[in-house]
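Below you will find the structure I want to go over with you.
The values are calculated or read from the model by the stated rules, or taken from the named source; none is laboratory data. The model shown is predicted, which means the values in this text are computed figures rather than measured ones. A quick note on method: Cβ atoms are made from the backbone with ideal geometry, for glycine too, and the neighbour counts reach across all protein chains shown. Accessible surface is based on the protein model in full, side chains and every heavy atom, while ligands, DNA and RNA are left aside. Shrake-Rupley method; radii C 1.70, N 1.55, O 1.52, S 1.80 Å.
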Amino acid sequence: MVKKKVAIVGGGLAGSEAAWQLGRMGIPTNLYEMRPNKNTPAHKTSLLAELVCSNSFRSDDDMNNAVGQLHWEMRVADGLIISQGDISRIPAGSAMAVDRMQFSSRITDLIKNNSSISLIQKEITDLKQLKEDHVIIASGPLTSNNLAQSLIELTGSKNLYFYDAIAPTVYADSIDYESTWFQSRYDKGETIEEREAYLNCPMTKDEYYEFVSKICKSNKADFNNWEKDVPFFSGCLPIEVMASRGKDTLRFGPMKPIGLTNPKNEIKPYAVVQLRKENKEATLYNIVGFQTKIKHSRQAEILRSICGLQDARFARLGGIHKNTFLNSPDILDHYFQLKSYPKVSLAGQITGVEGYVESAAIGLLVGRMVGAKILGKEVVLPPPNTALGALAHHLITQNDNFQPMNINFGLFKSTIDNLKGKKNRRERYSTYTSIAKSSFQSWLKTVSFF
Ligand SMILES: Cc1cc2nc3c(=O)[nH]c(=O)nc-3n(C[C@H](O)[C@H](O)[C@H](O)COP(=O)(O)OP(=O)(O)OC[C@H]3O[C@@H](n4cnc5c(N)ncnc54)[C@H](O)[C@@H]3O)c2cc1C
């Protein structure tokens, strides 16, 4: 076992992943997690790597989808989060969804039983109090105020904000299955379970416009004056914001009816609300893409006007939370260390990535980079033609309007030559992902020290 020790602040997706990667290199870590002693506004358990909203890791298509390619890279790099996601998987068509309790419980057990990781349940309020040889901050979008203040002092950076919203969850035994049906869009999936991964609640044209009008008239939870100019993350807009942009916006967004036909009457709906299982036992369902900040009393009333949900009981109603991130291109060097204080690295969503998968991926990368530094090895970032490399380069490239980002092909840097003549989108995407695969394998050899 190596003598030098790393402190990791935050036992979320990025922190758990980084601790695991360091453990594989024989480097001991103290993993500081403030829950359950101090909670965040969104976490509900004391488990590590808790998923605060949806249970989806999004598309698992590693040929045609950038997030699917990132899954692939995390699998070949032996990522903890992706491997436990795979074990806890539940059917979700072409998406990768997990049983959230099984997922986080498995990670908690693995970390607690890992002899190179010491889990310490306390809030870190001042970074200078940490005496370990290196520090990784992975305290996430809901970083406690004291720690955020300490980071601002250390970096001289303003912290930045945006909003993330949570979608409601329904108890399965309160849903009406007579008026709804199970079907994945275009019947996609290899097994019956995958082809029937979504429960569809149909709407006629009149019902849909009536529904949109109710949403537009609803009372939203109030923002403080100083919060009013904070933007929403564009990939996770609340339904009331979408509805206010036009009466058909929802029908082209989370309520799109394409690829779905009710087999009970062969009617194609004008719009649908889709529900997806939250756990393997199917006792809970998540309303897909229905993040909202409509006030709770009114929200329940509006949701119960959806066909099939008239008697719904809610395990959780939708809500909204402010996310913190830092201006990474200004404050981080090429090793994800603070330029002003290289003993500290950042990982996870606080670096300005958005999403479970992206946060865990940056945790994996930073765990490996810090490990390499402690072992005295030279490493470079993965090339920007890989998914992980594209994301990492985005975070350290100067940008006047730096904003949180999901992985997407727009960030990939493949040479123009490789894409010449590939007019078709699928052909371009599969070119990106095949270049990424071979490039990532070569990079991985340079950071595998076990
Ligand atoms: C309301 C909301 C909804 C979201 N919905 C989705 C979604 O549906 N899909 C998706 O892909 N992403 C979603 N996200 C983004 C998602 O939270 C993050 O992508 C992911 O959890 C971030 O991983 P992380 O490891 O960086 O942070 P986290 O997983 O949040 O982990 C950070 C950990 O640090 C701990 N901590 C904070 N401060 C301290 C401190 N001072 N000392 C010790 N411990 C501390 C926290 O308790 C937490 O356990 C959502 C985020 C929010 C806030």
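Amide H neighbours of Asn39 under 5 Å, at least 5 residues apart or on other chains, H built in the peptide plane: list them.
Those qualifying (amide H under 5 Å, at least 5 residues apart or on another chain) number zero.
Moving on to the next point. Output needed: percent of Cα pairs per 10 Å distance bin for the stretch 278-319, bins running from 0 to the one holding the longest distance.
Bins of 10 Å from zero give 26, 59, 15, 0 percent of pairs.
Glu378 versus Ser430, label points 7 Å from Cα toward the beta carbon: distance in nm?
3.9 nm
Sticking with this one: Of Thr125, Gln69, Met101, which is farthest along the charge dipole of the chain in the positive direction, counting Lys and Arg as +1 and Asp and Glu as -1 at C-beta?
So the residue furthest toward the plus end is Thr125.
While we're here: Based on the Kirkwood radius over alpha-carbon pairs, what is the Stokes-Einstein translational diffusion coefficient of the stretch 259-347 at 25 °C with 0.890 mPa s viscosity, in µm²/s? If you can, show how the numbers build up before the last one.
Values: Rh = 17.4 Å.
Rounded, D is 141 µm²/s.
Kirkwood hydrodynamic radius, computed over distinct alpha-carbon pairs, for the stretch 82-144: how many Å, to one decimal?
Numbers: mean 1/r = 0.0687 Å⁻¹.
One decimal place: 14.6 Å for the Kirkwood radius.
Still on this structure, I have one more. Using a cut-off of under 20 Å, list every residue of the stretch 271-312 whose amide N is near the label point 7 Å from the Cα of Lys205 along the Cα-to-beta-carbon line.
Output list for this probe position: 271-273, 307.
Here's a follow-up. In deg cm²/dmol and to the nearest 500, what is the mean residue ellipticity at 222 nm of the chain if only DSSP H runs of at least 4 residues count, each as -39500 (n - 2.57), divided by the residue total?
Details: 14 runs with 145 residues, N = 450.
Mean residue ellipticity, 222 nm, calculated: -9500 deg cm²/dmol.
Could you please put Lys295, Lys437 in sequence from largest to smallest accessible area, using a 1.4 Å probe?
The ranking, largest first, comes out as Lys295, Lys437.
Which of the GluC sites (Glu not before Pro) across the stretch 340-391 are loop residues per DSSP, with 16 or fewer other Cβ within 10 Å? Write out the running numbers ahead of the final one.
On the way: sites: Glu354, Glu358, Glu378; in loops: Glu354, Glu378.
Qualifying residues, ordered by number: Glu378.
Only residues of the stretch 5-20 count here: report those whose backbone N is under 15 Å from the spot 7 Å along Cα→Cβ of Gln129, or say none.
Only 8-10 pass the distance filter.
Just to check I understand the Karplus step: with θ = phi - 60° and J = 6.51 cos²θ - 1.76 cosθ + 1.60, what whole-Hz values come out for the stretch 437-450, glycine and proline as x?
Values, residue by residue: 5, 6, 5, 5, 4, 5, 4, 4, 4, 7, 10, 9, 10, 10 Hz.
Just check the stretch 311-391 against the gyration tensor rule for me: Cα atoms, a ≥ b ≥ c as the square roots of the eigenvalues, rounded for a/c under 1.5, and otherwise prolate or oblate depending on whether a/b exceeds b/c. Can you show the working numbers first?
On the way: a/c = 2.63, a/b = 2.10, b/c = 1.25.
Judged from the Cα gyration tensor, the stretch 311-391 comes out prolate (a/c at least 1.5, a/b above b/c).
How much length, in nm to one decimal, is gained on full extension between Ser297 and Ile258, taken as 0.36 nm per residue of separation minus their Cα-Cα distance? Walk me through the numbers before you get to the answer.
Numbers: separation 39, 0.36 × 39 = 14.04 nm, distance 3.13 nm.
Result for the pair: 10.9 nm of gain on full extension.
Where does the charge balance sit around Asp61 when Lys and Arg score +1, Asp and Glu -1, over other residues with C-beta under 12 Å from its C-beta? The partial results should precede the final answer.
Values: positive: Arg58, Lys188, Arg426; negative: Asp60, Asp62.
Its environment carries a net charge of +1.
Still on this structure, I have one more. Testing the spin-label approximation: label points 7 Å from Cα along Cα→Cβ at Ser46 and Ser179. State their distance in nm.
Here the answer is 4.3 nm between the modelled labels.
Here's a follow-up. What is the sum of charges, Lys and Arg at +1 and Asp and Glu at -1, for the other residues whose Cβ falls under 14 Å from the Cβ of Ile82? Write out the running numbers ahead of the final one.
Values: positive: Arg58, Arg75, Arg89, Arg106; negative: Glu17, Asp60, Asp62, Glu73, Asp78, Asp86, Glu358.
Computed value for this residue: -3.
Given an 8 Å cut-off on Cα distances and at least 6 residues of separation, report the relative contact order of the stretch 1-78 as a percent.
Working: 86 pairs, mean separation 18.3, N = 78.
About 23 percent, as a whole number.
If you scale each eigenvalue of the Cα gyration tensor by 5 and take the root, what three semi-axes come out for the chain, rounded to whole angstrom and sorted largest first? Mind showing how you got there, number by number?
Values: eigenvalues 276, 125, 90 Å².
Ellipsoid half-lengths, sorted descending, are 37, 25, 21 Å.
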